Structures are given as C-alpha cells and as structure tokens.
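Heads up: the structure comes next, in structure tokens.
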Amino acid sequence: MNCFASGVLILSVAALAASCSRKPDSTALKPTAFGASIVESSGGKQFGQAGTPLPQPVVVQVNDEPGAAVTGALVEFAAAPGVTFDPVSALTDSSGQATTNVSLGGMAGRYQIAASTLDKTHKKVELKIEEIALGYQQTLGRRLNEQYCDRCHNAESTAERVSNYDNLEVKPHPFTEGETLDKLSDADLTAIITYGGPALNKSALMPAWGNTLKKTDVQALIAYIRAVSDPPSRSASAVFAKD
Ligand code: HEC
C-alpha cells in the first residue's frame, strides 16, 4: 500500500506524515556508492492542484566530483507534512537518477521539496526544488487560461493546441514571467483582460474578453497568474518547507 492509500484509511494528515517518514524502506536501502552533488533532471516548478499528485515525477541525479553520474547512491526526499513521495527514498539507477512521484499538500501555495544524498565523508548534500499547489480559484483560472489564453501566451504547441505565438507581431509574455506580470497591478490585469491591449496602451492583438468571461473568471485568471509567477509574485501565497 502506498502512503496515499494508507493515509486515506487512517484519515489523518498527522498520521499520514508520520507513517510516511517512518516507512522502513529508507533504512533498508544500502547505498553502494556516494556522490559529490545532487542536481535536478526534471519535474521542478510544476503546478498541480492542491492535495493531488503532480502530473510529472520528480527526477534528480547524483554526480561525482568530475560531474559523472553515480549509480547506487541513496537519495531521500523530504518536504513539509502533508506532502507524500512514492518512493520516499531510492538508489540511483545506471544513469545516476532517482525518480519519485509527489503529491502536494492540501493547502494552496509553494512547496519546497528537498532531495538529499550523502557524500564520501557521509555529509548530507541537499537540493531544493519548488512545486506549486493551486487552490480552487487558481485551478479554475488555469483551465480558462488553457481554453482562451495559452494559444498566444505560450510559445509551445501541444497535441491539443497549436501555438499562435510565432504569428504575432507583438509578443505576449508567458504568465510565469514574474518580471513582467508582477509590474501590473490587479486593476491593470483586470483592465487589459476585460478591454484588451489598448486599455493599457498596448497592442490590440491582445483581444478584449469582457464579453466572453465573467468577472469571477477574470479574477480566477488573475489568481492563477499570481500563483505561477516566477520569481514569486509580491502577493504570493504561503511557502511550505520542511522545518
Ligand atoms: C490572439 C492572441 C492573444 C490571446 C488569445 C490572448 N492574448 Fe493576452 N496578449 C496578447 C498580446 C499580443 C499581448 C502583448 C500586447 C503588447 O505588449 O502590446 C498580450 C498581453 C497580455 C497581458 C499583458 C502582459 C503581457 O503578456 O504582455 C496580459 C495580462 C494578457 N495579455 C492576458 C491575457 C489573458 C488572461 C488571456 C486569456 C483570457 C489572453 N491574454 C489571451 C495576445 C493574446
């Protein structure tokens, strides 16, 4: 049974955190090698709905001093209570990597995830990765973004959506781009989303959405834009880290 399933049975977040951190496999795994550094391969800065598994696993890599991958090093994952890992510890594979599936806590905000390994002197080497848990309103904003905004504001095409970004003479910014988005107040964001680019003396290639979206939809989009800002927005929500 994984941590999540046992947690549902116990029905207590505290018990869930305790049962996960006491999982015996972290002590059962015996490293056969030690690295000098631990780096992120993939899976950082994801957005998931609070209390649900992140879409992608988190993958980290342990390297030796010259920077070559180390096989058989022990990696342990830790975070604030309420975050679960499956598995919570692992030995690095033949490419020096360890993979875990992460479920974020039930509170919206930023979660710091620590991945650690031991070096030759048995000193802990730690890597910090940040993930974002979206609340209800922010998740609604994310869906509206995918439906109406992403095709211009996201330069990458997906299987479901062809990006229009390259066709635009004036380039919009991705909503993660905090440097730009955080300079705009909530009132500015409401104005440009409702009335289009000209409301802020910007290009009319940014359409007006006032006839398509309700006020609460615009608020949800703003909540989403603030939540995913990188660096974090001035109005950013809580950061959850292990003590
Ligand atoms: C047809 C393409 C298109 C769509 C769809 C679109 N935008 Fe834009 N948007 C633009 C362009 C182009 C700009 C840049 C205008 C400028 O800098 O003069 C822009 C600018 C903005 C800005 C100002 C920050 C920036 O990126 O420069 C915000 C905020 C914004 N859009 C929000 C939205 C939201 C929210 C939606 C979905 C409801 C949306 N946009 C949909 C084209 C689009």
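For the stretch 195-207, filtered to residues that are open to solvent by less than 60 Å² (accessible area, probe 1.4 Å) and assigned to a loop (DSSP other than H, G, I, E, B), the residue that is farthest from Leu144 (Cα to Cα) is Ser203.
Residue-level check: of (1) of a type outside the set (A, V, I, L, M, F, W, C); (2) over 19 Å from the mean Cα position of the chain (by Cα); (3) buried (at least 16 other Cβ atoms within 10 Å of the Cβ), Ser103 misses just (2).
Is it true that some residue in the stretch 148-156 is more than 30 Å from Val62 (Cβ to Cβ) and among the basic types (Lys, Arg)? The answer is yes, given that some residue of the stretch 148-156 is more than 30 Å from Val62 (Cβ to Cβ) and among the basic types (Lys, Arg).
Screening the stretch 182-194 for residues that are more than 6 Å from the ligand (Cβ to nearest atom), assigned to a helix (DSSP H, G or I) and of a type outside the set (Ser, Thr, Tyr) and picking the one that is surrounded by the fewest Cβ atoms within 10 Å (Cβ to Cβ) gives Ala187. A count restricted to the stretch 158-178 and to residues that are loosely packed, with under 14 Cβ neighbours inside 10 Å and either more than 11 Å from the ligand (Cβ to nearest atom) or assigned to a loop (DSSP other than H, G, I, E, B) (or both) stands at 10. Here is the figure for the stretch 111-141: residues that are in contact with a strand residue (DSSP E or B) (Cβ under 7 Å, 6 or more places away or on another chain) and within 11 Å of the ligand (Cβ to nearest atom) total 0.
Residues checked against (1) under 27 Å from Ala238 (Cβ atoms); (2) part of a strand (DSSP E or B):
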residue	(1), (2)
Phe85	yes, yes
Ala98	no, yes
Met107	yes, no
Arg110	yes, yes
Glu126	yes, yes
Glu130	yes, yes
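Asn211 falls short on exactly one of the conditions (1) within 11 Å of the ligand (Cβ to nearest atom); (2) open to solvent by 80 Å² or more (accessible area, probe 1.4 Å), and that condition is (1). Ser89 satisfies every condition listed in (1) touching a helix residue (DSSP H, G or I) at 6+ places or on another chain (Cβ under 6 Å); (2) of a type in the set (Gly, Ala, Ser); (3) surrounded by fewer than 17 Cβ atoms within 10 Å (Cβ to Cβ) except (3). Pairs linking a residue in the stretch 216-243 that is closer than 9 Å to Gly178 by Cα and open to solvent by 50 Å² or more (accessible area, probe 1.4 Å) to a residue that is assigned to a helix (DSSP H, G or I) and within 16 Å of the ligand (Cβ to nearest atom), with Cβ atoms under 8 Å and 6 or more positions apart or on different chains, are Asp230/Gly178; Pro231/Gly178; Pro231/Glu179; Pro232/Gly178. Total residues in the stretch 142-157 satisfying the condition of being assigned to a helix (DSSP H, G or I) and either buried (at least 18 other Cβ atoms within 10 Å of the Cβ) or within 10 Å of the ligand (Cβ to nearest atom) (or both): the figure is 11.
The values are calculated or read from the model by the stated rules, or taken from the named source; none is laboratory data. Computed from a prediction, not measured in an experiment: that's the story for all the values here. Cβ atoms come from the backbone with ideal geometry, glycine included; neighbour counts cover every protein chain shown. Only protein heavy atoms, including side chains, enter the accessible area calculation; ligands, DNA and RNA are left aside. Shrake-Rupley method; radii C 1.70, N 1.55, O 1.52, S 1.80 Å.
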